[in-house]
Amino acid sequence: MNGSQSPIFIVDDDPLQRRMASVMLRDLGYPDAAEAGDGAEALVYIRANEDAPMLTLCDLEMPGMDGVEFLCQLGTEHPGSTVALLSSMDRSLIAAVETMAQSHGLRVIGAMQKPATREFLRECLDRASGSERAVPKAPAPREFSVEDLRQALAAHQFIPFLQPKIDLKTGALKGAEALMRWRHPELGLIPPARFIPLAEATGMIVEMTWTMLESAMALIAQWQGRGLELVVSVNITVSFLEELAIIENVTSMAHRHGIPPASVILELTESMASTDLVAVVANLVRLRMRGFGLSIDDFGTGYASMQQLSRIPFSELKVDRSFVAGAVREPHMRAILESSVQLGKRLGLVTIAEGVENEEELSMVRTVGCDAAQGYYFAKPMDPESFFKWAECWAVEQV
Amino acid sequence: MAHSLFDRNALAERMGNDPATQREIIELFLDIQPQKVNELAQAVARDDALHARAIAHSLAGAFRSMAMPKLGDTAKALERAAAGADLDECRTLFLELDELFARVCAEVSDDPDARYHSGMRVEVLQSTI
């Protein structure tokens, strides 16, 4: 290990590989890359510095602490850190580690089978420097209690942020996904990862979902009045589906807002769709019978079998973002993306690509035949008024 | 004349045309890899497939990075044989790799006295008996 804090960090057990990467980085304008020979050494370096490096280039197979364990630790200690993977392992294994790293909260901006090329490193540097510089060491986040959630619910602090879904054939705005945010009076906007796990663990998620559904339906009605006809998706959980009066309550809520059930889609994650609870499946069937849309979210990340897909009458399939990002670089990820889209189409479902972030990914999801897409390439989730303004501008641009 | 095992142009394309940098990389290669090849020989000679696989993996990466594709492919084949605990195949592939490695060291080294001479061929051959 060498040097004080550097924006680039190379973790590889082979001094030759480190030196070669270091020389190429030097020629690309980063002369002082820090180096470590395995994961343990890398963690010592990162812990000794205030910020995580702008970019960590990580080998996977190393004696001592390997790249897999290092990435898990890095994700825990510095979520959001930017990494690129370089390994002599098979591409499918590298892709699996890439997915794992993303699920540990890391931003994986590249993955390549060795040898590294100048072009690969240049692309990684462009991507890393184009976003955040060094990732600051996260301050210990405040822990919330159930009481905090209750008070926030009573004070109407849980609000929907909307992310557009775009029709890939026409370019038209097709709908939006309502994502829950907590607008805290002192802490500002709190991301869902900070409070949803607690809400789910304590059952508070059910009341919070009702609030989101109510807000989403109110927005659909309000936008209809302003000439914008949109379908809005709301995420639901199995515990929500276990509510006794769910069918009557959801239906009467739509009726009260004067909106058709078809303008609401209920999104269920794939792992939750794997439930065997007869009552839950029955409620999903009944919701569909009443005309509500049902979407299987994060498709490809859970364990849904063909049987689950056949017994729950989904109307929409959302392919997980990891396949969208991976398909651009990895043939086997592309195969999974294509197969998922084909499966959705053969089952008569509308297929949506999640997490489209750039033109390359957009072109890929178009090529494989997705019906619609959402992601930062089009827009980040926005508060309702910003969303409405965005929708107006988008409509003008499409004419 | 034997076909070259080292694509000097490909290395220059990746590492740049600075002769000093190329020399530095080659010297680093000659400093590190012979020791690794010897470690591989020891692992193969004592039927330690686990260790042999790890070293062969590392060598495959280094050879490919150095634009030595034939050596890279041989090391990769040895890595796979070791992963499948096919020790006979490991020995056969090691002898092939050892010979290729001696040739490539002679090819890249400026100093004829510094050429790689495997001290482990006998041990590996004996381990087949």
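Readers should treat all values here as calculations from the given coordinates under stated rules, not as data from a laboratory. Keep in mind that what you see is a predicted model, and the values were worked out from it rather than measured. Virtual Cβ from ideal backbone geometry, glycine too; neighbours counted across all protein chains shown.
Comparing A:Phe161, A:Phe144, A:Phe323 in a Gaussian network model of chain A, where Cα atoms under 10 Å apart are tied by springs, the biggest mean-square fluctuation is seen for A:Phe144. Annotation: for a label point projected 7 angstrom from Cα along Cα→Cβ of B:Asp47, residues of the stretch B:75-99 with backbone N closer than 20 Å are B:78-95.
What residue among A:Leu309, A:Tyr377, A:Met333 has its Cα farthest toward the positive end of the dipole of the stretch A:292-399, where the charges are +1 on Lys, Arg and -1 on Asp, Glu, each on the Cβ? Of A:Leu309, A:Tyr377, A:Met333, it is A:Leu309. Dividing the radius of gyration of the alpha carbons in the stretch B:15-102 by their Kirkwood radius gives 1.02 for Rg/Rh.
Between A:Val23, A:Val356, A:Val324, where does the largest GNM mean-square fluctuation fall for chain A, given springs only between Cα atoms within less than 10 Å? With Cα springs under 10 Å in chain A, the top fluctuation among A:Val23, A:Val356, A:Val324 is at A:Val23.
For A:Arg256 and A:Tyr376, the difference between the fully extended length at 0.36 nm per residue and the C-alpha to C-alpha distance is 39.9 nm.
Could you please report the charge total around B:Gly84, scoring K, R as +1 and D, E as -1 over all other residues with beta-carbon less than 15 angstrom from its beta-carbon?
Details: positive: B:Arg53, B:Lys76, B:Arg80, B:Arg91; negative: A:Asp90, B:Asp47, B:Asp48, B:Glu79, B:Asp86, B:Asp88, B:Glu89.
The answer is -3.
Note on the stretch A:163-215: semi-axes of the ellipsoid equivalent to its C-alpha gyration tensor, largest first and rounded to whole Å, are 28, 14, 10.
Work out the FRET efficiency for B:Ala106 and A:Ser103 from their Cβ-Cβ distance, taking R0 = 60 Å, and round it to the nearest 0.05. Show your work: numbers first, answer last.
Numbers: r = 48 Å, r/R0 = 0.80.
With R0 = 60 Å, the Cβ-Cβ based efficiency is 0.80.
If one puts a single equal scatterer on every Cα of the stretch A:333-394 and applies the Debye formula without solvent, what log₁₀ I(q)/I(0) results at q = 0.15 Å⁻¹? At q = 0.15 Å⁻¹ the computed log10 ratios are -0.53.
What is the dipole size for chain A, taken about its Cα centre, with +1 at each Lys and Arg Cβ and -1 at each Asp and Glu Cβ, in debye to the nearest 20? Display every interim value, and only then the final one.
Details: 35 positive and 53 negative charges, 224 e Å.
Taking the Cα centre of chain A as origin, the dipole is about 1080 debye.
The convex hull built on the alpha-carbon positions of the stretch A:67-226 has an orientation-averaged projected area of 13.6 nm². Restricting attention to the protein assembly as shown, close to 30% of DSSP beta bridges with both partner residues there are antiparallel.
Length gained on full extension, A:Leu28 to A:Thr211: 60.7 nm, using 0.36 nm per residue less the C-alpha separation.
Pairwise Cα distances in the protein assembly as shown exceed 36 Å in 45 percent of cases.
Can you tell me the equivalent ellipsoid semi-axes for the stretch A:25-82? Use √(5λ) from the Cα gyration tensor, largest first, whole Å.
Working: eigenvalues 69, 41, 22 Å².
Values for the stretch A:25-82, descending: 19, 14, 10 Å.
If the chain linking A:Thr202 and A:Glu392 were pulled fully straight, counting 0.36 nm for each residue of separation and taking away their Cα-Cα distance, it would gain 64.5 nm.
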